[in-house]
Every structure is written in C-alpha cells, then in structure tokens.
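Below you'll find the structure, written out as structure tokens, and then a few comments.
The values are calculated or read from the model by the stated rules, or taken from the named source; none is laboratory data. Not measured: the values here are computed from a predicted model. Virtual Cβ from ideal backbone geometry, glycine too; neighbours counted across all protein chains shown. All accessible areas refer to the heavy atoms of the entire protein, side chains included, with ligands and DNA or RNA removed. Shrake-Rupley method; radii C 1.70, N 1.55, O 1.52, S 1.80 Å.
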Amino acid sequence: MSQPLVPELVLAVALWLALAIDRWLGEPGARWHPVVWMGQYLGWIGARLAPRADAARTSSRATRFAWGAFAWCGGAIFVGAVAFALQQAAFQWLPYWVAALVLGLALKPLFAWRMLRSEVLAVEAALGLSLEAGRARLAWLVSRDVDALDQREVRESAIESLAENLNDSLVAPLFWFMLLGLPGAAVYRFANTADAMWGYRGERQGRDWTWFGKWAARADDVLSWLPARLTVLLLALAAGRWPQGVVREARRTPSPNSGWPMAAMALLLGVRLAKPGVYALNADGRPAAAADTHRAAQWGGRAVLAMAVCASLVLVLASARV
C-alpha cells in the first residue's frame, strides 16, 4: 500500500516547515549544526593536505589540485550519502507527516535567512551608535578588512553581503533541494563552505590555497551559477520591477556569480555598491542610506517567500507524474 503522499509532496511540506523553524527558532547550536561539522572537516583536512606557503613551490600544481579535488570529493560524497540515507529512511519507515518534520529539521541548518537578515540589520543599528561600532559588527559578517571603511562603505558592505548571501545561504540550497532533495541541499552547502574556506588565491593562515582550493572554488561556481541568476529574478519580483543593466553591472565583479544579486540590489535600490579597489556597481547611484538597508532586508524576505512558492509548485507538479 502506497503512502498517502508522494515524496515530492513530503519535500514541499518539509520546505515550509524548515522556513517556519528558521523564522521562529533560528540556527541550532554549533554542537548540532551540520555546516559547523562540514567546516570542521574542511579545516582539519585542509591543515593536513594544503601545502605550507614556504613549501608550495616544491610540489607541482597538478599534485596540489589533485589533493584538493580528492579531499573535496571525499567530503561531498560522505555528506551526500548521509543526507540520502536519512531521506530514504524517512520516506520508507515514517508516516508522511513525521517524515516531513524530520526532513524539515534536517533542511533548516542548510540555509540561514533569519540570521543573515538579523546580522545585516545589526550592522545598521550599530552604525546608528558610532562608526567604530558599525565596523565591529560588520567584521562578524564579511571577511574583508573593515578598519579603513567609512560609514557609507560599511553600509554598502552590509547590503552587498545581504544580496550575495541571499543566494549562497537561501536561494541556492533551496534550488538544489527542489531538484535533488536533501542530498542536493547538503552537497551544495558543503561546496559553498569549502569555497569559503579553501577558495583563495595565494597565502592564508600560512598555507598556499591557489591550486589546492581551485576545485572547491570552481565547484561552487558551477553549483551557484543558475541560483545566482534566479536570485536576480526573485529580487525583481520582490521590488516589482526589473533591474535594467544588471548584466552589464554584474560583469564588473571578478566572481561569475556574486555580482548578479549584488548588481540587482544596487540597481533596484538606486544606490552605489562598491568594494574599494575591486569594483563599483551602479557607480552613478546615490550613497546608500539607512532606509536602503531596511528596504534590502524587506525585499530579501519577499524573495525568500517567492523562492519557497516556486520550489513548492515545482515539487507539486513533479508529484503529478505519479
């Protein structure tokens, strides 16, 4: 006898449960957070396989690349296998409503909208106290040096981070969940975490990541390519208009993906968003104001809702084939 609901409908319910958990409970503690576990693995294996900066010239680029690819693939396969086993066990052994709850609880740590929104708005609140407070709060959100940033640049960095991470922390995980279920979201989150930890050029923390981290960087580029462009569409729906010139502006950034949601946000808000010495998006736009940070967070929330609705519709339509 078949289950009352097909797997795609269980996944759709799990998606909305995960969003509800994110809204009302936020992130689980570090001890229970799978992304923290991924980071611990990546830190541990990277510290053992990535060459030290002073010894990088003694090994070939191909060797360093191969070790990085091997370590990445091993972690991704393990993460995907665990997620697949959990999903299949839920479908096979649990009532549909329990399966949806279990999968919702497992999906929630693989995206983080509430935390992202709260951190960006916290930067704006800190800026209202002082520039130093704003810089200190921004340092929790971005990896760039914040000590020389002025008030405008701190605000721009916060808005950029919201736009970029709207894709990395929400749209892309849900996109791959929609296509491949829990394994898709889990492997994407692993790939994005690996890029954040390994995807550097040159030296960082005493090790050379240029070739060891290249597979991780390219894998994240591939997996984020479609979601980044989908994020532009979701932001356009949220704002109620299309960001004219988004293709031109997105190409100003060195990343093949992060420029798209950032350019869309800059154009929709009508503000200039820049990383000093690297790029300037919508360079003729006005300086961002406090209201723009709040408007960006509002549009981000609408984009999250639109993504959830779209993903649910796709899953429901997929269930109709059964």
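Below are the figures for this structure:
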quantity	calculated
Residue match in region 274-289 (condition: over 17 Å from the mean Cα position of the chain (by Cα) and in a helix (DSSP H, G or I))	no
Residue match in region 111-131 (condition: outside any helix (DSSP H, G or I), open to solvent by 60 Å² or more (accessible area, probe 1.4 Å) and not acidic (Asp, Glu))	no
Tabulated pairs, region 36-55, first hydrophobic (A, V, I, L, M, F, W, C), second exposed (fewer than 13 other Cβ atoms within 10 Å of the Cβ) and in a helix (DSSP H, G or I), C-beta under 7 angstrom, 6+ apart or interchain	VAL36/ALA30
Meets criteria (closer than 26 Å to ALA112 by Cβ, of a type outside the set (Lys, Arg) and touching a helix residue (DSSP H, G or I) at 6+ places or on another chain (Cβ under 7 Å)) for ALA303	yes
Candidate set: region 176-207, residues that are modelled with pLDDT of 95 or more and among the polar types (S, T, N, Q); chosen: the one farthest from PRO256 (Cα to Cα)	THR193
Extreme residue, farthest from LEU86 (Cα to Cα), among residues of region 96-135 that are among the small types (Gly, Ala, Ser) and more than 22 Å from the chain's Cα centre (by Cα)	SER130
Test: residue in region 153-160 that is within 25 Å of ARG302 (Cβ to Cβ), among the hydroxyl-bearing types (Ser, Thr, Tyr), open to solvent by 50 Å² or more (accessible area, probe 1.4 Å) and in a helix (DSSP H, G or I)	no
Restricting region 191-227 to residues that are under 30 Å from ALA99 (Cα atoms) and either without any contact (Cβ under 8 Å) to a residue 12 or more places away in the chain or touching a Pro at 6+ places or on another chain (Cβ under 9 Å) (or both), the residue that is most open to solvent (accessible area, probe 1.4 Å)	ASN192
Region 75-86 residues that are free of Cβ contacts under 8 Å to residues at least 40 places away in the same chain and over 17 Å from LEU179 (Cα atoms), paired with ones that are open to solvent by 10 Å² or more (accessible area, probe 1.4 Å) and of a type in the set (Val, Ile, Thr) (beta carbon under 9 Å, 6 or more apart)	ILE77/VAL187
Residues of region 29-76 satisfying the condition of being modelled with pLDDT of 95 or more and assigned to a loop (DSSP other than H, G, I, E, B)	HIS33
Residue within region 164-175 that is over 27 Å from ASN282 (Cα atoms), at pLDDT 95 or above, part of a helix (DSSP H, G or I) and open to solvent by 10 Å² or more (accessible area, probe 1.4 Å) present	yes
Residue check, PRO261 open to solvent by less than 30 Å² (accessible area, probe 1.4 Å), assigned to a helix (DSSP H, G or I) and not hydrophobic (A, V, I, L, M, F, W, C)	yes
Any pair with Cβ under 9 angstrom, 6 or more apart, that starts in region 235-253 at a residue that is at positive phi and ends at one that is part of a helix (DSSP H, G or I)	GLY245/ALA263; GLY245/LEU267
Residues that are in contact (Cβ under 8 Å) with a residue 24 or more places away in the chain and over 23 Å from LEU17 (Cβ atoms), drawn from region 299-322	TRP299
